[in-house]
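Have a look at the structure below, then the notes.
The values are calculated or read from the model by the stated rules, or taken from the named source; none is laboratory data. Here the structure is a predicted model, which means the values were calculated and not measured. Cβ: placed from backbone, ideal geometry, glycine included. Neighbour counts: every protein chain shown.
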C-alpha cells in the first residue's frame with residue numbers, strides 16, 4: 001500500500017491556496033551558517049561550496065576525487081536540497097591536491113568554491129548554527145487572506161517539527177523497505193542504506209506521534225508525563241519539575257517545547273499519559289521495534305514544535321517569497337506546507 005505524506009501528517013493551519021515550488025533552481029536558496037573560528041592550520045581543508053542542481057553526497061565525492069582522497073575523508077554538516085542553489089561547508093582531510101585552482105578545474109559544472117580555510121578538525125554532522133532559506137513560490141491561486149493568517153500564526157506559534165518527506169523516499173518507500181529489511185524479507189548490505197532505513201523508521205514513528213497530538217489538540221499543550229525541551233538546546237526536563245502554570249506560560253512564550261520519542265531499544269524517557277501514547281503508537285509497528293533492538297538503536301527525544309526565525313514574506317504579483325532561518329534538523333517543507341500547498345516542479349534530471 002502506498003503511503004502519502006500529506007494524508008498521514010496533518011497541518012495545524014487551514015490550507016486554502018496553492019502554488020508551484022522549484023520552477024527554477026534559484027527559487028529555492030539555502031545558505032548554511034556556522035559560528036566558526038578557523039585555526040588557519042591543521043590537516044583539514046574546509047571549503048564553502050555553492051552547488052546548483054546537485055546533491056550533497058555527490059559533491060562530496062567530487063571533492064574527494066579532485067583532492068585525491070577516499071570519500072570517508074570528506075565531511076559535511078548536513079544534506080541539502082538537490083533542486084536548488086545552496087551554500088554549505090565541506091572539509092577534506094589531508095588533501096593530496098591542495099592548490100585551489102587545480103581542485104576547481106576538476107569539479108563538475110554546478111559546483112563553485114567560494115571560500116577555503118585550513119582547520120584542525122573535520123566538520124561533523126549537525127555542526128552548523130542555522131540554515132537560511134529564501135524561497136519563491138510561483139503561480140499562487142486561492143485564498144490570499146488565509147495565506148496571510150497562516151504566516152501570522154507561524155510567527156506566533158511555530159510549526160510541527162515533522163521530518164520532511166525527503167527522509168522517506170519516493171511515495172515513502174523507505175518505510176516498506178525498512179520493514180522488509182527488519183523482517184529479513186530483503187537483504188541490505190550497504191552501510192549507508194542501512195542507516196537511511198533505520199532513520200526513516202524512527203522518523204516515521206516520531207511523525208505519527210506528532211500527528212496524533214495534533215489531532216487530539218495537544219501538540220502545543222502539555223499532558224501528564226511530558227518531557228520538555230529548551231528552545232535552541234538539546235536539554236530536557238520533565239514537565240513535572242515545574243508547575244502547570246509555569247509550563248503553560250513558557251510554552252506560550254516559545255521558551256520551551258514538548259518533545260516526542262525518537263524510538264530505540266531501551267525504555268522511553270517519558271512517563272504517564274505521554275508514555276502510554278508514545279508506546280501505543282510504537283507498538284503498532286512491531287517490525288520497527290524488532291529492528292531497533294537488533295541494531296541497538298537508543299532512545300532519544302526531538303521537539304514537537306519548531307519556530308522559524310526572522311520569518312518574512314513578500315508578494316511579487318502572483319508569486320510569494322518566503323525568507324526564514326531554521327535550526328539544524330528542521331525542514332523548510334514543514335514551514336511551507338503550513339502556508340499553502342505546493343506542487344514541486346523540480347527538474348526531473350538524472351540524479352547526481
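Spot the failing condition for residue 266; the list is (1) in contact (Cβ under 8 Å) with a residue 24 or more places away in the chain; (2) surrounded by 13 or more Cβ atoms within 10 Å (Cβ to Cβ); (3) not in a helix (DSSP H, G or I), and only one is missed. Result: residue 266 fails condition (2) only.
Checking each residue in region 158-177 for being outside any loop (DSSP other than H, G, I, E, B) and within 19 Å of the chain's Cα centre (by Cα) picks out 159, 160, 165, 166, 167, 170, 171, 172, 173, 174, 175. Of the candidates 47, 28, the single residue that is surrounded by 20 or more Cβ atoms within 10 Å (Cβ to Cβ), modelled with pLDDT of 95 or more and under 20 Å from the mean Cα position of the chain (by Cα) is 28. Against the test of being exposed (fewer than 13 other Cβ atoms within 10 Å of the Cβ) and either in the same structural domain as residue 282 (by TED's automatic domain parsing) or under 25 Å from residue 290 (Cα atoms) (or both), the options 253, 260 yield a single qualifying residue, 253. Checked against (1) within 24 Å of the chain's Cα centre (by Cα); (2) closer than 23 Å to residue 58 by Cβ; (3) modelled with pLDDT of 95 or more, residue 128 meets all criteria but (3). All told, residue 296 falls short of being touching a strand residue (DSSP E or B) at 6+ places or on another chain (Cβ under 7 Å) and farther than 30 Å from residue 26 by Cβ.
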